[in-house]
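This report concerns only the one structure given below.
The values are calculated or read from the model by the stated rules, or taken from the named source; none is laboratory data. What you are looking at is a predicted structure, and each value in this text was computed from that prediction instead of being measured. Quick reminder, even Gly has a Cβ in these numbers, built from the backbone with ideal geometry, and neighbours come from all protein chains shown.
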Amino acid sequence: MEKIKNYINGNLRDSLSGKWIENISPATGEVYSLIPDSDGRDVEVAVTAAEKAFPAWSGLPAAKRSEILIRISELIRERLDSFALAESTDNGKPVWLAKSIDIPRAIANFHFYATGILHFHSEAHPMEDKILNYTLRSPAGVAGCISPWNLPLYLFTWKIAPALAAGNCVVAKPSEVSPMTAFMLSALCNEAGLPPGVLNVVHGYGNKVGAAIAAHPRIPLVSFTGGTKTGAEIYAAAAPMFKKLSLELGGKNPNIIFADCDFEHALSTSIKSSFSNQGEICLCGSRIFIERPIYEKFKSSFLEKVKKMKTGDPLHDDSSLGAIASKQHYEKILSYIALAKEEGGKIIAGGNPVMVQGRCEKGYFIEPTVIENLPYNCRTNQEEIFGPVVTLTPFDSEEEVLKYANSTVYGLSATVWTENLPRAHRMAARLHAGIIWINCWLLRDLRTPFGGMKHSGLGREGGFEALRFFTEEKNVCIKING
Ligand code: NDP
């Protein structure tokens, strides 16, 4: 059976505990590889290696760091098919999705920051006669990066690429649910010419490895993507050390459809924003609010499309949805469907596990599920389910839908469908979300600030925001005598 290894100081090695965690492929329910069960001791060794590598790496000209990161992106591109297959096997997502979205985006993340660092600049603020301020931005040292299982390599690289480009060394932990592609990436870093200790990947459980990174006194900044509850734990662990934190957390995003929208476009995109990646994207629009005059028409057209979706083997090109990432998460989603029924919700599509025949008969599959008749403030409409489950709710006015949309603790993204331009601007200004899409969904320009408000997070990723996060600012004020 394949053994995933930690990558520390340029070497692939087992955990110090010598123990292993079983890695299950969610489409088959079978153990297919082993993950090192690392702990704080492995993190300590990784931090020491990263500290040792830091002076040389941060001292390299940006162009040299850029060259190495571009080489990493090229090596991933050369292995696109095997990375996509590994992502699908590990996470359950359709392989076509991993091949068209996840792995190309991981390549783009390296390329984007490898070139972005060449354009990163600081400011100068001249004062009155002969006084000049300028800002120095220096890498912080050892950066901690912790990522989740839903978009494994995509989100892992979205952190480590800017951290490395800015000149930091990194101690990173992918989710133990989907560690394979992070391992594959680490295995090609030496070939790309990355010096030992610059990137260290420590695998294992969140409450051991993740917690050790969050609490480590010599890791001054942590970039985390994951659930809000875990984000709060990291916040608490980091607080006594005043660490710099970037927290990208959960969401319960509204998808608001006005009667004057481009109906077909809103409909087809809403199918994607509801069920792409089995609904396991933090940006999925899980609460669909529809203006009353088109409620019934939208509902019946939406259900017609949902009923044509196929949940099946992730290896098959015609599977719209693959497996849920883990048994634990599968059970959580089913428990929310049961809760929706208890709360008076009517299941109008799906609502059941799917039995896929053949090699996937023990896998964790759930039908795309649509629920209506629920009040906006019930638990089903307030808590993050993070699966192929959406609710439909009618509304009569902008005020009413804003009240519904803004009623959760989350504030990650929101989508608005309308052909009325003033209304689009009004809604964008008043929605509590860090990312607003008008008449589109998931269009991403990597230069834009990305992140959420309220319990959806702290700070912004993307573009120069991430390079600023991964550097310390220092103002230098010079009085020129003479
Ligand atoms: P978790 O919060 O459970 O885990 C995220 C990462 O943190 C994993 O690597 C996990 O390790 C680790 N971890 C767990 N406990 C701790 C701890 N005490 N200290 C430090 N690290 C820890 O999230 P999920 O993996 O379940 O991911 C789903 C969540 O991520 C959803 O809420 C989703 O909305 C959110 N998300 C947010 C995004 C955004 O951009 N805002 C994007 C994508 C997802 P392990 O898995 O090994 O336990």
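Of all the criteria given as (1) within 16 Å of the ligand (Cβ to nearest atom); (2) surrounded by fewer than 21 Cβ atoms within 10 Å (Cβ to Cβ); (3) of a type outside the set (A, V, I, L, M); (4) touching a residue at least 40 places away in the same chain (Cβ under 8 Å), the one not satisfied by P217 is (4).
Each row is one residue, and each column tells you yes or no for (1) farther than 17 Å from I256 by Cα; (2) among the basic types (K, R); (3) in contact with an Asp or Glu (Cβ under 8 Å, 6 or more places away or on another chain).
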site: F395; (1), (2), (3): no, no, yes
site: L402; (1), (2), (3): no, no, no
site: W417; (1), (2), (3): no, no, yes
site: L458; (1), (2), (3): yes, no, no
site: G462; (1), (2), (3): yes, no, no
site: L467; (1), (2), (3): yes, no, no
site: K474; (1), (2), (3): yes, yes, no
site: K479; (1), (2), (3): yes, yes, no
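The set of residues from region 22-44 being buried (at least 20 other Cβ atoms within 10 Å of the Cβ) and hydrophobic (A, V, I, L, M, F, W, C) comprises I24, A27, I35, V43. Exactly one residue out of L136, L155 is touching a residue at least 60 places away in the same chain (Cβ under 8 Å), within 13 Å of the ligand (Cβ to nearest atom) and touching an Asp or Glu at 6+ places or on another chain (Cβ under 9 Å): that is L155. In region 199-213, the residue that is farthest from the ligand (Cβ to nearest atom) out of those that are surrounded by fewer than 24 Cβ atoms within 10 Å (Cβ to Cβ) and touching a residue at least 12 places away in the same chain (Cβ under 8 Å) is K208.
Screening I324, I347 for residues that are β-branched (V, I, T) and crowded, with 18+ Cβ neighbours inside 10 Å leaves exactly one candidate, I324. Residues in region 352-408 that are in a strand (DSSP E or B) and of a type in the set (A, V, I, L, M, F, W, C): I366, V370, I371, V389, V390, L392, F395.
Just one residue in the set G462, G411, G387, G451 is in the same structural domain as F224 (by TED's automatic domain parsing) and within 15 Å of the ligand (Cβ to nearest atom); that residue is G462.
Just to be sure before I move on: is M184 in the same structural domain as E465 (by TED's automatic domain parsing), away from the ligand (no atom under 15 Å from the Cβ) and either of a type in the set (A, V, I, L, M) or free of Cβ contacts under 8 Å to residues at least 12 places away in the same chain (or both) in the structure I sent? Give the steps one after another, and end with the answer.
Working: in the same structural domain as E465 (by TED's automatic domain parsing): yes; away from the ligand (no atom under 15 Å from the Cβ): yes; either of a type in the set (A, V, I, L, M) or free of Cβ contacts under 8 Å to residues at least 12 places away in the same chain (or both): yes.
Answer is yes for this residue.
Under the condition of being part of a loop (DSSP other than H, G, I, E, B), within 13 Å of the ligand (Cβ to nearest atom) and surrounded by 19 or more Cβ atoms within 10 Å (Cβ to Cβ), the residues counted in region 428-448 number 2.
Pull up region 45-84, narrow it to residues that are polar (S, T, N, Q) and in contact (Cβ under 8 Å) with a residue 12 or more places away in the chain, then point me to the one that is surrounded by the fewest Cβ atoms within 10 Å (Cβ to Cβ). Ranking the qualifying residues of region 45-84, first place goes to S82.
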